[in-house]
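Data first, discussion second: the structure below is written as structure tokens.
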Amino acid sequence: MGAQKKGATARVSEDPEELARHPLQAILLADSFTTKFRPITLERPKVLLPLVNIPMINYTLAWLESAGVEEVFVFCCAHSKQVIDYLESSEWSSQPNFSVTTIESHNSISAGDALRLIYERNVIHGDFVLISGDTVSNMSLTQALQEHKDRRKKDANAIMTMVVKQSKPSPITQQSRLGTDELFMAINPVTKQLLYYEDKAEYSKGFISLDKTLIADNPSVILHNDKQDCYIDICSQEVLSLFTDNFDYQHLRRHFVKGLLVDDIMGYKIFTHEIHSSYAARIDNFRSYDTISKDIIQRWTYPFVPDVLCGSSAIKVERQGTYRASERCTIGSNVTIEGSYIWNNVTIEDGCQLRNAIVCDGVILKSGAVLQPGVILSFKVVVGQQFVVPAYSKVSLLQQPTQQDSDEELEYADSTSGTGELRSDKLNGDIAPDLSETASELGTGGVGYIWTVFEGAYDEEWRHSVAPIPTDKLVKLMLDKDEDEELLTQDGNVISASRELKTDSDGNGSEDDDNEDSRDDYVSFEKEVEATFLRAVHENVKVDLAVLEVNALRLSYNMASVDCGGAIFYSMMKLAVESPHNSASELHRNAADIVTTWQKLLKSFLHDIDEEIEVILKFEEMCLESAKEFAALFPQILHLLYDKEILQEDAILRWADEKEGADESDKVFLKRSEKFIQWLREAEEEEDDEDE
Amino acid sequence: MPDTQALVNDFLNKLKKRKIEGSQATAKQTAELLRSVISQTRMPYTNQAAALIHSVKAVGERLIAANPVELAVGNVVRRVLHIVREEDLSLTTAAMAGLNLSAESDDEDDTDRDNHPALSAAAIAAASRSTLRPPSLQTLLEDVPDSAAVPHTSSSGGDSEGKSKSADKSSRSRKLKHDVIEAVNELIQDISTCHELIAEQAVEHIHQNEVILTLGSSRTVLEFLCAAKEKKRSFRVFVAEGAPRYQGHLLAKELVTRGLQTTLITDSAVFAMISRVNMVIVGAHAVMANGGVIAPVGLNMVALAAQKHAVPFVVLAGSHKLCPLYPHHPEVLLNELRSPSELLDFGEFSDCLDFGSGIGAPLLHVVNPTFDYVPPKLVSLFITDTGGHNPSYMYRLIADYYSADDLVLERRTTSGN
């Protein structure tokens, strides 16, 4: 102990020197900010899950240490206490020349938040390595760092170097061997600059679109689909400040990388460094957990293999079976285990069958229990006798959190971060009452809840599971693909026609795509505005505030104020339709009420005639499609809007003029409001007369 | 103390991460580390040898665990232990002699001892190492347990006799430490000069116009060949490239820069070329007590080819590579399995390693072992820094360098702790 203390003080005293010569620093995110490892991650952080018997974070730290990193900041969020306790008790806290500092946060919900917090702490003084705690690698950083520094000298905008590795995606499932979606990258082969990054390409479309300036600006571009993103980034300090400046950046790739790539104002550039002989991969889902485990067993990660990392615990490399039983496990007779991961203290009674399952600490399988492929049993679950756990089900002692809002979720359910352990302890004590409640779910004597897979996700479950992809799925996908290809070869237009693209006259794929994208954006924008408006109505939010909120939405969706006017008007009318009414006149009254209350809100987005015309067009569209009840009231509402000075007569007249030339079918509403328009025109003339 | 602790940790780390390449460098650094451990060890009044042995063992055990595959670490640890035992033995015998001679007067005793051990310790230690005493193994087996017991009895007697003893105790303890450190320095010297000592013998083995075959790269072999070249011998060298690390390429380059006629061949061409070869000269990773060799992968094949064509198979090994263990010892069975990426490119083969489809287990396995075992019957001659030896003579050399007590040191200490 004395030695340790001395070492620590020595380090402190060296600090000023170290600062001067910028020791290589690294930020290790010990939280993936996803829910892919649930339900296991409800009780233990992902970085502490055993990967071939060693907690994942050890691989990452060992690599950082050997790559010459001197200072690591471990950012802990979910289960931060467990991570900190683990690090403090491990060998990492007492290494000379390698300091591990933990940064704790309880309210960060994304990598973006984490980096913003680290920026505030002001601990990073130079280039740093950004990595998450679930990455396994054995690459040498020297070359990549040197390249990064050289580029920085030439071009201060080269702020990030991303490590990539060749790895062919499966042509059938369109996913990599790590279970992630096929990744498309456009890289300049000479400068290695990253020009395009898309990890969520839509395969149904069958194509991806590149900005044409990309090709105009670069003499050569290579588009790769066989590169794997290793999630190891060498970043300059600017990266942190960029995250702080752009407070809406959450995800490292989806927001930050893509954001930089499309942003041509600042001109920041991202470069890639490809590794060939060394290994790097990130555990993102159960499939990659399986794949990387096997890679480690096959020693691709040498020297970061279990027998080297923990010399004492006598893990020897022998001929590998398909499974590996850990310490203190009891396995009965007649048990079949295939391709499964069995952690510590597991009891498997006679005659059980396990196929491609993950079985966490303390699980008990009563005799004759069967786990079908892809089952995840979280900590201390008990499976009853002869019970068959259906394929891909996830079983936990904790109940499934009820609200599953979005993919931007944390590893823990709301406020359980600190109390996760406590809760499981408590559950231990309460196993008896639990037993009776849940006996039905896991057979007689079983303890635990089977999580329901929410609709839609079930189809995708096989993609990310530990179990190999079932043959029937592969066959099906293969057939689908063949069909697609046939379609493509038969007639190039078939596909575009079937997807209801507007025209195939110019056949410019990217343009169509843009339109479709913006339309999608508009629909979601409209929904957001509607939600905001409804909230404003129900919570009596002041008009000014509502205006502000809608404005913020407009900015984040990059919409014009024209769209806002349309969207707000749409929400108002929708509210009118949805509020109870018996007759047309009541509906009219409803609409009138709403318009009167919220005219200011609407007005603030209608600055000129074009915007007002947009509102009329929108209304017309509504009458035709979503709210046919208004069709009869069209002229009245128009009149109402005119009365409330939301629409100027010029706008209405212009609309009428425009519609004059349209098809008969388009003129329905023009005709209905003919009288009103007529009246308007006369009124105008009168005014003119009076003026004269 | 903190300094050594930091040094030990640093070295452990390096061993663990496989950052030290080559057994000579490892052996030298281990010896240097143990030297500083010894010099930092606080000597108790009684039973100093045991204290030294304990501290060396404690560190040595950790070092060996850090990289069990590098046998040189264990060898050096055992050699240092042997040195401690030997120095202690010579000191106590000298002291006993002194006590017996001048048992009556304490004052005389002091003066006597000041001169006496200085002579005897060095002399006995040197004698024990340089002369090959025929029953060496047996004498060691018999003497060592005594030596551990002797200081006990003498010290307890000394305490009861009077305070004057303590003064000469401390002088003796300083003596022991000093002698041990001297001897360890000698060991370090031996390790660092082993190349030259081996290379000196080159002319005796390589003759004019001969063809020498070697595999992979070994610094000892390089020095050996160059020494022969410097003595105006003209000969040719066939270098097998030593897949998958292809260190033979480096060796060939080095040989050419020194002006040697060199031919590079693939490993698989060895059998075809062996009929034209006069002698095979290779380096080793470790030499076992039975005369077997742990060598870079591919050498067993070369040895078999050499035997088939009755070509002498000569192994060059510094004395730090002599390992007192037998190849059936579980630790020796360890092979270092390196990354498959040395064999094939991960990216190109990534589709063969997709575990998602098919049976879920990889169909392609890549195994990349580092070492081969060459049985003693295939080895014609060992050339060490003390001269040429037959494989069957190895156990005798080992008996001189190691104490029988230390052979199984890890297991006993781990169970004890």
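Here is how the numbers come out for the structure above:
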| read-out | value |
| --- | --- |
| Residues located in the range A:149-187, provided they are over 28 Å from the mean Cα position of the chain (by Cα) and touching a residue at least 12 places away in the same chain (Cβ under 8 Å) | A:LYS149, A:ARG151, A:ARG152, A:ASP155 |
| Criterion: among the aromatic types (Phe, Trp, Tyr), closer than 20 Å to A:VAL136 by Cα and more than 14 Å from every other protein chain (Cβ to nearest Cβ) - qualifying residue of A:PHE75, A:PHE98 | A:PHE75 |
| Check on A:ASP226, within 14 Å of chain B (Cβ to nearest Cβ) and either within 21 Å of the chain's Cα centre (by Cα) or not basic (Lys, Arg) (or both) | yes |
| Residue match in the range A:276-284 (condition: assigned to a strand (DSSP E or B), within 20 Å of the chain's Cα centre (by Cα), in contact (Cβ under 8 Å) with a residue 40 or more places away in the chain and within 14 Å of chain B (Cβ to nearest Cβ)) | yes |
| Subset of the range B:152-200 [among the small types (Gly, Ala, Ser) and modelled with pLDDT of 90 or more] | B:ALA183, B:SER192, B:ALA199 |
| In the range A:116-143, the residues that are farther than 13 Å from A:ALA26 by Cβ, among the hydrophobic types (A, V, I, L, M, F, W, C) and not in a strand (DSSP E or B) | A:LEU117, A:MET139 |
| Filtered residue count, the range A:78-95, keeping only those that are of a type in the set (S, T, N, Q), within 14 Å of chain B (Cβ to nearest Cβ), assigned to a helix (DSSP H, G or I) and in contact (Cβ under 8 Å) with a residue 24 or more places away in the chain | 1 |
| Any hit, the range A:323-332, residues being among the hydrophobic types (A, V, I, L, M, F, W, C), modelled with pLDDT under 80 and under 34 Å from the mean Cα position of the chain (by Cα) | no |
| Criterion violated by A:LEU48 - all others in (1) crowded, with 21+ Cβ neighbours inside 10 Å; (2) within 25 Å of the chain's Cα centre (by Cα) satisfied | (1) |
| Residue among B:ALA65, B:ALA51, B:ALA27, B:ALA31 that alone is within 21 Å of B:VAL293 (Cβ to Cβ) and either in the same structural domain as B:TYR402 (by TED's automatic domain parsing) or not β-branched (Val, Ile, Thr) (or both) | B:ALA27 |
| Qualifying residue in the range A:355-371 (condition: touching a residue at least 40 places away in the same chain (Cβ under 8 Å), within 14 Å of chain B (Cβ to nearest Cβ), crowded, with 24+ Cβ neighbours inside 10 Å and outside any loop (DSSP other than H, G, I, E, B)) | yes |
| Residue in the range B:15-41 that is farthest from the other protein chains (Cβ to nearest Cβ), counting only those that are of a type in the set (Lys, Arg) and without any contact (Cβ under 8 Å) to a residue 12 or more places away in the chain | B:LYS19 |
| Single residue of A:ALA186, A:ALA144, A:ALA158 found to be modelled with pLDDT under 90 and within 30 Å of A:LEU477 (Cα to Cα) | A:ALA186 |
| Criterion: away from chain B (no Cβ under 14 Å) and β-branched (Val, Ile, Thr) - qualifying residue of A:VAL129, A:VAL163, A:VAL136 | A:VAL129 |
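Here is a yes/no grid of residues against (1) assigned to a strand (DSSP E or B); (2) in contact with a strand residue (DSSP E or B) (Cβ under 8 Å, 6 or more places away or on another chain); (3) on the phi > 0 side of the Ramachandran plot; (4) polar (S, T, N, Q):
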{"position": "B:ALA183", "(1), (2), (3), (4)": "no, no, no, no"}
{"position": "B:ILE191", "(1), (2), (3), (4)": "no, no, no, no"}
{"position": "B:THR220", "(1), (2), (3), (4)": "no, yes, no, yes"}
{"position": "B:LYS229", "(1), (2), (3), (4)": "no, no, no, no"}
{"position": "B:GLY248", "(1), (2), (3), (4)": "no, yes, no, no"}
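The values are calculated or read from the model by the stated rules, or taken from the named source; none is laboratory data. Quick caveat, the model's predicted, so the values are computed rather than measured. Cβ atoms come from the backbone with ideal geometry, glycine included; neighbour counts cover every protein chain shown.
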